[in-house]
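Below is one structure; the comments refer to it alone.
The values are calculated or read from the model by the stated rules, or taken from the named source; none is laboratory data. Nothing here was measured: the structure is a model prediction, and the numbers come from that model. Reconstructed Cβ throughout: ideal geometry from the backbone, glycine too, with neighbour counts over all protein chains shown. To get the accessible areas, we keep the full protein, side chains included, count just its heavy atoms, and leave off ligands, DNA and RNA. Shrake-Rupley method; radii C 1.70, N 1.55, O 1.52, S 1.80 Å.
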Amino acid sequence: MSVAAYSVGEASPRQKLLAGVLVVAYALVTMIPLVWIVLTGFKSPPASISYPPQVLFEPTLEGYVNLFTTRSRQTPEYIESLGPAETWYDALVRERNMVITGKSRFAGRYMNSVIIGFGSTFLAVFLGTLAAYAFSRFKVPLKDDLMFFILSTRMMPPVAVAIPIYLMYRELGLSDTHLGMILLYTAVNLSLSVWLLKGFVDEIPREYEEAAVVDGYTRFQAFVKVVLPQMRAGIAATAIFCLIFAWNEYAFALLLTSGTAQTAPPFIPIIIGEGGLDWPAVAAGTTLFLVPVVVFTVLLRKQLLRGITFGAVRR
Amino acid sequence: MIKASLTSATKRFGETVAVDGVSLEVEDGEFVVLLGPTGAGKTTTLRLFAGLETPDKGRVTIAGSDVTRLGPAERDVAFVFQQYSLYPHLTVFENLAFPLKAPGRRVSAAQIRKRVEEIAELLRIAPKLKNRVTALSGGEMQRVSIGRALVREPNLFLMDEPLSSLDAKLREDLRLELKRIQRDLGATIVYVTHDQLEAMTLADRIGVLAEGRLVQIDTPRVVYERPANIYAAQRLGSPQINLVAPTALAVGEVPGGAAQVGVRPEDVVVAPREGTNGVANAPPKGVPGEILTVEHFGVETIALIDIGGRQVHALLGPRTTLTQGMPVAASVRPGAALYFDATGARL
């Protein structure tokens with residue numbers, strides 16, 4: 001029957017094949033740059049810039065070693081005089097007539113990213129949850145105007161206000177501080193977080209809280225015991241969006257940080273090796289930089305799938 | 001003894017008056033059902049008892065003390081919502097235990113377990129205690145909802161259409177069970193519904209609400225037989241009471257000032273005007289009419305009769321021989337007619 005061909009649930013084998021081809025094609029387009037980055041991290045510096053590009057190559061950890069160390073060139077005689085290399089990475093470096101002179105600043109920059117990214121995500125979600133609950137449940141004067149005002153902070157690219165923020169931060173002594181960056185990213189993320197989370201709170205029927213209040217709980221206890229557990233999916237989805245923004249943010253990080261609070265994004269592209277950029281080290285840094293967001297997303301993916309429908313599916 | 005009361009309670013939401021000067025006293029162990037259509041103020045009245053709304057005017061008392069200004073937690077009442085009152089993130093056991101675990105109630109874990117198991121037994125949901133509530137059927141969910149109210153032995157139970165989201169069979173089962181439990185426990189219940197069958201079968205007294213006002217409160221039988229006005233008369237009885245002009249049906253002596261006459265379908269007496277052989281019998285008493293439809297329900301048969309252009313429902317016996325199109329004579333059982341004046345009040 002022709003009706004079956006148009007039914008919602010069943011796809012014909014041809015449709016399935018077509019869908020499969022499209023998904024694979026899309027995956028290739030999006031995955032190839034990522035795969036290239038990951039592979040480049042394991043190439044030697046000459047292999048990374050060879051032309052035509054090498055697809056098959058001998059993997060090396062040189063990029064990772066270079067990422068975490070500073071090195072200096074020495075004469076073969078001097079290296080000979082040091083005796084046998086004590087560790088595998090010493091040996092790797094000496095093959096290029098270099099010796100390790102110390103740790104690079106990458107680990108510190110990475111830690112800055114972790115502190116600022118997760119710190120601002122926590123703050124944005126924490127404040128966003130409370131604000132969203134208040135906007136959803138209480139009689140707030142000028143509620144709609146306030147919500148619009150909150151959203152309006154996202155109506156321009158944040159970089160448009162870079163100069164005022166730069167001047168402000170310099171005056172307040174917030175330039176190049178962890179606190180400054182956390183506050184900045186929290187402020188930018190808060191509008192997204194309030195709007196998303198308000199949608200999730202609106203979805204939770206008030207009867208749940210009323211039932212808890214009649215049962216002898218206070219309003220706050222009802223919020224913690226009844227509303228929060230049901231907001232988990234929404235909170236997880238919001239947290240991922242906030243983290244991805246704060247984690248990847250480049251422009252403000254470049255402008256406002258240079259030393260103690262510099263995050264990884266402005267640092268990674270300027271890892272210099274001999275004779276210019278050290279591409280394997282840049283690729284290795286990028287690969288490591290991807291890990292936390294990937295792990296965080298995978299951990300929360302169940303919640304994310306539920307949350308990302310934004311209440312489009314009713315119970 | 002009076003367990004709970006409202007005294008000329010009024011609640012406004014902006015321009016609309018949801019509850020308009022309602023006074024209501026609920027006796028200890030009594031089952032009061034508030035009946036009315038959507039928007040009559042039933043739920044708001046219930047929420048005033050619960051403390052989920054504070055009256056703009058008037059007083060609320062529970063167990064002898066004035067609780068008008070107290071919050072819901074301090075009133076020791078239990079509320080069963082129409083739906084959504086079970087926490088989807090908790091199991092059946094945790095849902096039932098939730099009211100007992102409220103801080104300040106200080107019930108020991110062993111006592112909680114004992115009490116929850118008792119209630120689960122009573123409501124026949126004991127095998128489901130470990131299930132998530134989202135895995136329950138509609139009837140089971142509503143049992144758990146009622147169980148959450150029962151678990152605490154509060155002063156007053158408030159139920160807001162707890163059975164309305166269930167299918168007919170389940171509703172009937174739970175209705176009987178609820179009445180049984182209420183009798184066994186001697187619980188005081190204020191119950192809101194728009195279902196007249198629930199009201200008739202559950203209530204010790206029915207309170208009929210219209211546009212925020214309490215029109216009448218009395219036993220189901222009194223409300224049915226001696227309704228305060230046309231509105232109350234129309235709330236009970238299916239099919240609805242027939243309303244006709246005083247002269248339309250031969251109803252004997254009509255008191256002065258009567259604008260309309262109400263006759264319940266069971267009080268309309270219908271007889272065929274012609275014999276089965278087509279020869280006219282001695283003309284039966286009553287006004288002439290014609291049968292429009294006959295609906296056979298098994299235990300009863302309901303006929304729609306056209307009397308001078310007016311349609312009247314009549315209850316016939318299950319073994320009636322009347323059929324569609326038959327000319328009939330209709331009269332009213334003596335003394336059964338209800339007379340209403342021009343404002344709708346019963347004379």
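Observations on the model:
- Scanning segment A:104-142 for residues that are open to solvent by 50 Å² or more (accessible area, probe 1.4 Å) and under 24 Å from A:V295 (Cβ atoms) gives A:R105, A:A107, A:M111, A:I115, A:F118, A:F122, A:L123, A:F126.
- Of the numbered criteria (1) open to solvent by 10 Å² or more (accessible area, probe 1.4 Å); (2) at the interface with chain A (Cβ under 8 Å from one of its Cβ atoms), the one B:R106 fails is (2).
- Segment B:38-78, residues that are more than 8 Å from every other protein chain (Cβ to nearest Cβ) and of a type in the set (A, V, I, L, M, F, W, C): B:A40, B:L46, B:L48, B:F49, B:V60, B:I62, B:A63, B:V67, B:L70
- Matching entry among B:D56, B:D66 (being open to solvent by 30 Å² or more (accessible area, probe 1.4 Å), touching a residue at least 24 places away in the same chain (Cβ under 8 Å) and either under 21 Å from B:R205 (Cα atoms) or not hydroxyl-bearing (S, T, Y) (or both)): B:D56
- Highlighted here are the helices (runs of 4 or more DSSP H) found entirely within segment A:196-265 that include at least 3 residues which are open to solvent by less than 20 Å² (accessible area, probe 1.4 Å) and within 13 Å of chain B (Cβ to nearest Cβ): A:207-214.
- Counting only helices (runs of 4 or more DSSP H) that sit completely within segment B:171-247, those holding 3 or more residues that are open to solvent by 40 Å² or more (accessible area, probe 1.4 Å) and not acidic (D, E) correspond to B:196-202, B:230-235.
- Residues of segment B:91-103 that are facing another protein chain (nearest Cβ under 10 Å) and open to solvent by 40 Å² or more (accessible area, probe 1.4 Å): B:K101, B:P103.
- Counting only helices (runs of 4 or more DSSP H) that sit completely within segment A:11-116, those holding 1 or more residues that are touching a residue at least 24 places away in the same chain (Cβ under 8 Å) correspond to A:13-40, A:45-48, A:62-68, A:88-94.
- Where B:P88 falls short, out of the listed (1) farther than 30 Å from A:E203 by Cβ; (2) at the interface with chain A (Cβ under 7 Å from one of its Cβ atoms): (1)
- Any hit, segment A:43-52, residues being touching a Leu at 6+ places or on another chain (Cβ under 8 Å) and either among the aliphatic types (A, V, I, L, M) or closer than 25 Å to A:L290 by Cβ (or both): no
- Boolean, B:R143 is assigned to a helix (DSSP H, G or I), within 13 Å of B:L86 (Cβ to Cβ) and within 14 Å of another protein chain (Cβ to nearest Cβ): no
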